[in-house]
1. How many residues does region 69-85 hold that are more than 9 Å from the ligand (Cβ to nearest atom) and either in contact with a Phe, Trp or Tyr (Cβ under 8 Å, 6 or more places away or on another chain) or in contact (Cβ under 8 Å) with a residue 40 or more places away in the chain (or both)?
2. I want to confirm something. Restricting to region 12-38 and keeping residues that are surrounded by 19 or more Cβ atoms within 10 Å (Cβ to Cβ) and of a type outside the set (A, V, I, L, M, F, W, C), which single residue is farthest from ASN84 (Cα to Cα)?
3. Looking only at region 14-68, count every residue that is assigned to a loop (DSSP other than H, G, I, E, B), closer than 30 Å to GLY126 by Cβ and away from the ligand (no atom under 15 Å from the Cβ) and tell me the total.
4. In region 76-97, what residues are surrounded by fewer than 19 Cβ atoms within 10 Å (Cβ to Cβ) and either aromatic (Phe, Trp, Tyr) or in contact with a Lys or Arg (Cβ under 8 Å, 6 or more places away or on another chain) (or both)?
5. Might you check whether a residue that is within 25 Å of HIS209 (Cα to Cα), over 16 Å from the mean Cα position of the chain (by Cα) and within 16 Å of the ligand (Cβ to nearest atom) occurs anywhere in region 114-122?
6. What is the one condition in (1) surrounded by fewer than 20 Cβ atoms within 10 Å (Cβ to Cβ); (2) in contact with a Ser or Thr (Cβ under 9 Å, 6 or more places away or on another chain); (3) small (Gly, Ala, Ser); (4) more than 24 Å from VAL225 (Cβ to Cβ) that SER151 does not satisfy?
7. Does region 39-54 hold any residues that are more than 14 Å from TYR7 (Cβ to Cβ) and in contact with a strand residue (DSSP E or B) (Cβ under 6 Å, 6 or more places away or on another chain), and which are they?
8. Of the residues that sit in region 137-159 and are acidic (Asp, Glu) and in a helix (DSSP H, G or I), which one is farthest from the ligand (Cβ to nearest atom)?
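The values are calculated or read from the model by the stated rules, or taken from the named source; none is laboratory data. Quick caveat: nothing in here was measured; it's all calculated off a predicted structure. All Cβ positions, glycine included, derive from the backbone under ideal geometry; neighbour counts span all protein chains shown.
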Amino acid sequence: MTDDPQYRRILLKVSGEGLMTGAEALDREKLYRLANEIKNVRQMGVELCLVVGGGNFFRGAQGALKGFDRVTGDYIGMLATVMNALALAEILEENGVSSRIFTALAIEGVGEVFNRKRALTALKKGAVVIFAAGTGSPFFTTDTCAALRASEMKCDAFFKSTQVDGIYDKDPRKFSDAKRYEHLTYAEALAKKLAVMDLTAMSLAETNHLPVVVFKQEEGILTEVLCGRGTFTVMDDLQ
Ligand code: UDP
């Protein structure tokens, strides 16, 4: 444990659900708290890429259950991530944090089409780089987008914030005897069929030796976890 961040460049994935309260898809209080957290991370000198989900508005797979065409639903979901990115960029600016939105789909006037070189330059200049519209392709998730962009941007780790404080052997919200792992390998998570993230995201992280840090989306936690303190799980390929 240390007061220094253990990673110099991270990608933070925030789920859409983490931005909502009840029927309110975008809770400004939660956005402010997240923006504040991001500001603290930047003040620690850590470079930050950000991927926001869209589940607070729409998920293609859930839409399909209600009769939407799956592909149409996925595009709606991807556009939802753009709305979240816009909201977050605005609140970041209000907090004095500069950011740039890169979209996987061309949406002129809202963000620039993803270009790795430009994103790296923006990152090095101190901006928080927000990747919106997922991968730009249906049938994927923003976890896959996060693993992909983290690998492309040569991030030291993929920080996945969730509703629980790490990876458990079973759902801790349903089972009081659920056990949290401090550390596990991708192979162990796959063998135990743990619901960490989808298989495409897992496979990208494993192939690119990208450590995945799973922690709870709560104020003050990210900076703690960055310094190796608090409760979280690290998944990587170290035995
Ligand atoms: N999505 C997609 N391709 C991508 C990323 C996202 O089609 O590369 C769609 C998909 O329908 C997904 C929705 O966008 O359900 C919102 O993303 P996600 O479910 O990952 O959001 P989260 O659960 O993290 O809020």
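1. Residues in region 69-85 being more than 9 Å from the ligand (Cβ to nearest atom) and either in contact with a Phe, Trp or Tyr (Cβ under 8 Å, 6 or more places away or on another chain) or in contact (Cβ under 8 Å) with a residue 40 or more places away in the chain (or both): 3 in total.
2. Among residues in region 12-38 that are surrounded by 19 or more Cβ atoms within 10 Å (Cβ to Cβ) and of a type outside the set (A, V, I, L, M, F, W, C), the one farthest from ASN84 (Cα to Cα) is GLU37.
3. Of the residues in that region, 3 qualify.
4. Within region 76-97, ASN95, GLY96 qualify.
5. Yes; the residues of region 114-122 include at least one that is within 25 Å of HIS209 (Cα to Cα), over 16 Å from the mean Cα position of the chain (by Cα) and within 16 Å of the ligand (Cβ to nearest atom).
6. For SER151, the failing item is (4).
7. Answer for region 39-54, where residues must be more than 14 Å from TYR7 (Cβ to Cβ) and in contact with a strand residue (DSSP E or B) (Cβ under 6 Å, 6 or more places away or on another chain): LEU50, VAL51, VAL52.
8. Ranking the candidates gives GLU152 first.
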